[in-house]
Amino acid sequence: MNNSVSDRSFYIESEDEEDEEKEFNKSIEDGGNDSDSSESYTENQQQNIPSSYNTQWPQSYRQSIDLYSSVPSPSIGFLGTPSLSRLGSSFLSSSLTRRHTPETLPFLTKPSVPIVADEQQQQQQRRSSHSLLPPIHSRRSSIRKDDKPSRVSHEHHPISRHSSFTQAVINGINVLCGVGILSTPYAIKEGGWLGLSILLIFAVLSFYTGLLLRRCLDSQPGLETYPDIGQAAFGTGGRIAISIILYVELYACCIEYIILESDNLSSLFPNAHLSLGGYMLDSRILFAILTTLAVLPTVWLRDLSVLSYISAGGVIASIVVVLCLFWVGLVDGVGFENKGTPLNLSTLPVAMGLYGYCYSGHAVFPNIYTSLAKPNQYPAILLTCFVICTILYGGVAVMGYTMFGESTASQFTLNMPHDLVASKIALWTTVVNPFTKYALTISPVAMSLEELVPSNKSHIYAILIRTALVVSTLVVGLCIPFFGLVMSFIGSLFTMLVTLILPCACYLSILRGRVTRLQATLCIIIIIVGVVSSSFGTYSAVSKIVQSLIH
């Protein structure tokens, strides 16, 4: 795959990037006249040296998650001339004989911009740290100049630290605010008004554990991703276990996409059907199959940067859907009148899983942090993302439930009157968005499996692996076509692990001996909350799924 920096840039370009690159080039041309610049360049080169964490499976994690989660630059590409030959060569072809990373990310070919951090900035960063967190161990200070490059058997790409504050916030919101927003009114129906407090509690705890991931990354050089943290905490077994959990969560999200498309398209065209070999396919099954056929070619793409531009509209799509809901309730006269019940204890665990699903972005937070031009902005970035997403989630939950009451469906788009223009906009926005995100979501799973394939057969196996993954999501989606319950199951089992339990466990393991009693107590409390929520939520979701299948 031939990509130049001018042709495709993966992240939103920072306004200060050109100046930073000029300073970077100048520091090299000076030939070491400026000791600070020389030292910064040397240390930056040492950061780019592959560590032992890069040699373990999955080696493709960072590349694939970066592509799945990040918003590309709107200033480059749209006004350019992407050639048809480039798009044509995007499909899986002979390039897959290159081991491990069939989807090479364009931004990884870009030289890293050195980050020059003076002592005053580091001291200010330490003073502004959360009181319950230990001092930040700077990556710069932790890297020794006599470290030697470790030998690895695969190509290593340096981390490109050029992400700005705004860019990182958009990337974070794009990850956090997904299809979970459709089910927040249903969560109030299941848990009652008092259950809405769980959303705020999970937001606070998830924000804190997001900060813990940063402390884990800063604890030693070479840590870049969530699996790296798992390896540092619990060895190779921890890395593999965490990777599997993260990949299964992504796979389950693809199942949700199939169910989502089936539900919304069948609501738009309820009379659609097809007779095939004497078997009648109703609208739900028909649209699930058509959705699978539509996304299958996108999964075969090895260059997904084209899709990443489109999927970057996920933030806009969420805002559009929220505005449409508000318009239907206020302008179109549906109204906000239903009062509802204060608390539903019997179905509260289902609501816990739904609220938990709303904050399933921790798999991406390490990638966002390690790509920041100014890492000390990470707490403010994380806080901004959580505040905005929590307001959106809470606002939609209140509006949707007061509009539709006890008749609220698992997706509020199914409750909106289909004859209204705003309802049609919301429905079609909901329908179109997953088509662009499906391939990006399943790609990390596929790439991890392709690492296990012999290199001389990677082309054939890549096609088979990706096709099998897509077909399997269709089968599971047809067998368990319950959007809200499946989401509750994912939120209860996987999100609680990734968001609450594992960050605290890894933090206590990696920084043992440097953790205060208050920090350890807080981590233990969060782990207990996560375990209890996961246990009750998973049991309740599975029980309701079984009951629904029987009846």
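Taking 0.36 nm per residue of sequence separation and removing the Cα-Cα distance, the Val387/Leu200 pair yields an extension gain of 66.3 nm. Between Leu343 and Ser407, the modelled label-to-label distance comes to 2.9 nm, taking each label 7 Å out from Cα in the direction of the beta carbon. Classification of the range 418-551 by its C-alpha gyration tensor yields an oblate form. The axis ratio a/c (a ≥ b ≥ c) is 1.5 or more, and b/c is at least a/b.
Positive-end ranking of Gly513, Ala233, Ser346 along the dipole of the range 166-550, with charges on Cβ about the Cα centre, is headed by Gly513. A protection proxy built from the mean count of other Cβ atoms within 10 Å ranks the segments 224-231, 254-261, 534-541, most packed first, as 224-231, 254-261, 534-541. Residue by residue, the range 524-538 carries 3J(HN,Hα) couplings of 5, 4, 5, 4, 4, 4, x, 5, 5, 4, 5, 5, 5, x, 5 Hz when phi is fed to the Karplus relation 6.51 cos²θ - 1.76 cosθ + 1.60 (θ = phi - 60°); x denotes Gly or Pro. When each of the peptides 266-272, 318-324 is scored by how many other beta carbons lie within 10 Å of its residues on average, the order from highest to lowest is 318-324, 266-272. Set the Förster radius R0 to 51 Å, insert the Cβ-Cβ distance between Val432 and Ile524 as r into 1/(1 + (r/R0)^6), and round the FRET efficiency to 0.05. The formula returns an efficiency of 0.70 here.
Among the trypsin sites (Lys or Arg not before Pro) found in the range 468-551, those both in a DSSP coil and sparsely packed, with 12 or fewer other Cβ atoms within 10 Å of their Cβ, are Arg512, Arg514. Backbone geometry of the range 276-285 corresponds, through the Karplus equation with coefficients 6.51, -1.76 and 1.60 at θ = phi - 60°, to 3J(HN,Hα) couplings of 10, x, x, 10, 8, 8, 6, 4, 5, 5 Hz, x marking Gly and Pro. Charge dipole of the range 166-550 (Cα centre as origin; +1 on each Lys and Arg Cβ, -1 on each Asp and Glu Cβ, all else neutral): 800 debye, rounded to the nearest 20. Applying the Karplus relation 6.51 cos²θ - 1.76 cosθ + 1.60 with θ = phi - 60° to the range 439-450 yields 3J(HN,Hα) values of 4, 5, 7, 7, 4, x, 5, 5, 5, 5, 6, 5 Hz, where x marks Gly and Pro. Near Leu281, the amide H atoms lying under 5 Å from its own belong to Leu274, Ser275, Leu276; only residues 5 or more places off or on other chains count, and H is placed 1.01 Å from N. What the pair-distance distribution of the range 166-550 shows, using all Cα-Cα distances binned every 20 Å from zero, is 27, 59, 13, 0 percent.
Any read-out appearing in this document is the output of simple, stated calculations on the displayed coordinates, not a laboratory observation. All values derive from a computational prediction rather than experimental measurement. No Cβ is skipped: glycine too gets one built from the backbone with ideal geometry, and neighbour counts run over all protein chains shown.
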